[in-house]
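The values are calculated or read from the model by the stated rules, or taken from the named source; none is laboratory data. Quick caveat, the model's predicted, so the values are computed rather than measured. Cβ placement follows ideal geometry from the backbone for every residue including glycine, while neighbour counts extend to all protein chains displayed.
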Amino acid sequence: MLSSEINALIDPEARQRQDCEWRYMIDRVEWEQYETLLARNGDNAAYRVTYLDGALEIMSPSRRHESRKTRIGNLLEIYFLEADINYFPFGSTTLRQEAERSGIEPDEAYCIGTDKEFPDLAIEVIITSGGLDKLEVYRRLNVREVWFWENDRFRLYSLPAATEQFSQTTGYEPITRSQILPHLDLELLAEYIRHPNSLIAGKEFRQRLRSGS
């Protein structure tokens with residue numbers, strides 16, 4: 001029932017418009033209802049679902065949102081290859097834990113070095129603000145770093161070591177350089193995320209990485 005109600009609320013014409021993002025919030029949703037919605041949604045990329053303590057957020061990303069998230073993923077994979085970093089992509093795989101009453105579908109996510117149940121890095125593209133506290137969701141899932149791309153720049157957050165090891169309630173701390181990818185020049189990455197041409201961005205980013213400039 002929940003899935004059909006959501007589908008009825010989505011305007012197909014609005015979803016086709018280039019920069020229209022649609023967000024819907026529902027309270028008092030049981031975990032079983034959330035799981036049912038995920039099962040019915042399957043691999044449908046029309047909307048993303050976040051769950052936190054019985055609150056459900058359904059968001060239909062805009063074309064600009066998807067373009068930015070794809071560009072970030074493409075450039076990061078170029079970096080992983082050039083830097084010889086073993087990585088395991090999650091894409092927008094649903095991450096969830098019933099015991100923590102939390103679930104989310106990141107824009108991009110990766111394990112670094114070894115494959116794990118949950119990613120080391122999650123990336124969120126923010127076009128329209130508001131909605132559930134995604135950092136709290138990621139904290140409960142023990143994701144080491146979260147990057148937000150908003151207003152053409154990155155904001156980075158990292159879990160303190162004690163939180164990673166003992167699952168304390170300490171929240172994320174803002175950082176200026178990635179701790180899991182310490183040699184990545186984020187300003188260089190951001191420069192090519194903003195570049196208007198995807199092909200040129202990828203080629204020039206690779207050249208800059210190889211030249212060390």
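Side notes on the structure shown:
- Checked against (1) loosely packed, with under 14 Cβ neighbours inside 10 Å; (2) assigned to a loop (DSSP other than H, G, I, E, B); (3) modelled with pLDDT of 95 or more, Leu199 meets all criteria but (2).
- When residues of the stretch 22-59 are limited to those that are surrounded by fewer than 17 Cβ atoms within 10 Å (Cβ to Cβ) and of a type in the set (Asp, Glu), the one modelled with the lowest pLDDT: Asp43
- When Ala39 is tested against the conditions (1) under 19 Å from the mean Cα position of the chain (by Cα); (2) of a type outside the set (Ser, Thr, Tyr); (3) part of a helix (DSSP H, G or I), the lone failure is (1).
- Ser211 of a type in the set (Ser, Thr, Tyr) and either surrounded by 13 or more Cβ atoms within 10 Å (Cβ to Cβ) or more than 26 Å from Arg64 (Cα to Cα) (or both): yes
- Members of the stretch 54-88 found to be out of contact with any Lys or Arg (no Cβ under 9 Å at 6 or more places or on another chain), of a type in the set (Val, Ile, Thr) and farther than 21 Å from Val137 by Cβ, listed by number: Thr70, Ile85
- First in the stretch 128-146 and on the phi > 0 side of the Ramachandran plot and of a type outside the set (A, V, I, L, M, F, W, C), second anywhere and crowded, with 22+ Cβ neighbours inside 10 Å and part of a loop (DSSP other than H, G, I, E, B), Cβ under 9 Å, 6 or more apart: Asn142/Leu159
- Within the stretch 9-21, restricting attention to residues that are exposed (fewer than 14 other Cβ atoms within 10 Å of the Cβ) and outside any helix (DSSP H, G or I), the residue that is modelled with the highest pLDDT is Asp19.
- Some residue of the stretch 119-126 being touching a His at 6+ places or on another chain (Cβ under 6 Å) and surrounded by 17 or more Cβ atoms within 10 Å (Cβ to Cβ): yes
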